[in-house]
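What follows is a single structure, written as structure tokens, with notes after it.
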Amino acid sequence: MAESKKRKKNNREVSDDTEIHMWTDGIPLSPSWWAPAFVSLLIIGLIWLIVYYMSSGAYPIPGVSWWNLVIGLGIMMVGFLMTLRWR
């Protein structure tokens, strides 16, 4: 069976992790409360939507009807946007 050609590797070798992680040096880490906050927002938004659908639109805030969807999705969106800033 014919053997495939080996790819030529350039002569550059990484000696340690400093070259790989150099771009992260100036980025500060997130505070310790950041991850629990965005996870909580995602879960609260999901529970909000579940309550809305299970109550046929009567709860969690009666009288605003489909705006409950907007509120629940908005809470989840804030949680999702927080995940993008997490370091």
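Any idea which residue in the range 32-83 is surrounded by the most Cβ atoms within 10 Å (Cβ to Cβ), counting only those that are among the polar types (S, T, N, Q) and at positive phi? Per the criteria, the residue is SER65.
Residue pairs whose Cβ atoms lie under 7 Å apart, sitting 6 or more positions apart in sequence or on different chains, and linking a residue in the range 25-46 that is outside any helix (DSSP H, G or I) and at pLDDT below 95 to a partner that is surrounded by 10 or more Cβ atoms within 10 Å (Cβ to Cβ) and not acidic (Asp, Glu), are SER30/TRP86.
Listed by first and then second residue, the pairs linking a residue in the range 48-74 that is closer than 23 Å to PHE38 by Cα to a residue that is surrounded by 11 or more Cβ atoms within 10 Å (Cβ to Cβ) and among the hydroxyl-bearing types (Ser, Thr, Tyr), with Cβ atoms under 8 Å apart and 6 or more places separating them unless they lie on different chains, are VAL51/TYR59; TYR52/TYR59; PRO60/TYR52; ASN68/TYR52; ASN68/TYR59; LEU69/TYR52; GLY72/TYR52.
The values are calculated or read from the model by the stated rules, or taken from the named source; none is laboratory data. What you are looking at is a predicted structure, and each value in this text was computed from that prediction instead of being measured. When we count neighbours, we look across all protein chains shown, and the Cβ atoms used for this are built from the backbone with ideal geometry, even at glycine.
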